[in-house]
Ligand code: DX5
Ligand code: ZN
């Protein structure tokens with residue numbers, strides 16, 4: 001149930017394929033791929049062609065996080081590129097319901113994310129169709145920022161709502177997850193933990209992934 005999803009944003013971009021293969025060897029459950037368009041967030045990263053290229057190197061679950069203004073337009077590209085789960089933002093300019101329906105109709109799992117300033121209740125009307133809710137624990141845009149502990153009530157609120165409605169939805173946190181913060185996030189109810197700098201900056205990414213998983217698993 002607990003999954004560690006290392007964020008490729010913190011890898012060495014000059015050898016992304018190798019980094020991807022290495023994450024699989026290191027025991028990552030998923031691979032978190034951050035897509036930024038320089039418009040929804042003040043940074044540009046990568047697009048569907050890179051996801052397609054990485055797909056050839058690995059059979060890891062590709063957890064694609066779209067931080068882009070008009071996700072609807074690009075869903076088909078990201079599905080074709082080999083995404084397994086596509087998460088987009090509630091705050092985007094596309095129609096949320098239509099975008100979820102499109103992702104699912106193309107055979108992919110859908111996730112919906114909220115930025116720190118957005119109440120998590122905004123995702124409740126869509127919960128039945130979602131396989132994951134992502135509660136951002138930093139402002140999206142960059143790796144290596146500090147964890148916002150004040151987002152934890154949002155994690156607990158969505159966990160309780162899912163329980164109440166008998167829904168099996170993954171709850172993901174993204175931003176500032178490390179051995180210092182993972183207990184708090186997992187205790188609040190997050191079972192999918194994204195970690196960028198903590199994993200890629202570790203002396204042994206393999207040991208770090210195992211330690212993070214062990215720390216979070218205590219709460220599930
Ligand atoms: C931030 C990205 C995160 C980021 C996390 O906008 O969505 O996935 O890579 O990096 P760390 O774990 O370093 O905060
Ligand atoms: Zn992310």
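Here are the numbers for this structure:
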| quantity | calculated |
| --- | --- |
| Shape of the range 107-163, Cα gyration tensor, a/c cut at 1.5 | oblate |
| More than 20 angstrom apart: percent of Cα pairs within the chain | 54 |
| Residues 206, 56, 3, sorted so that the one with the fewest Cβ neighbours within 10 Å comes first | 56, 206, 3 |
| Selected from 46, 193, 127 as most flexible by GNM, with the chain as the system and alpha-carbon contacts under 10 Å | 46 |
| Relative contact order (percent, whole number), the chain, Cα cutoff 8 Å, 6+ residue spacing | 21 |
| Whole-Å distance, taken between Cα centres, linking the range 183-208 and the range 81-133 | 23 |
| Segment residue 91-residue 142, extension gain: residue separation times 0.36 nm, minus the distance between their alpha carbons | 16.6 nm |
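No value in this document is a laboratory result; all are computed from the given coordinates. No experiment lies behind these values; they were computed from the predicted model shown. Counting neighbours? That spans all protein chains shown, and the Cβs are built from the backbone with ideal geometry, glycine included.
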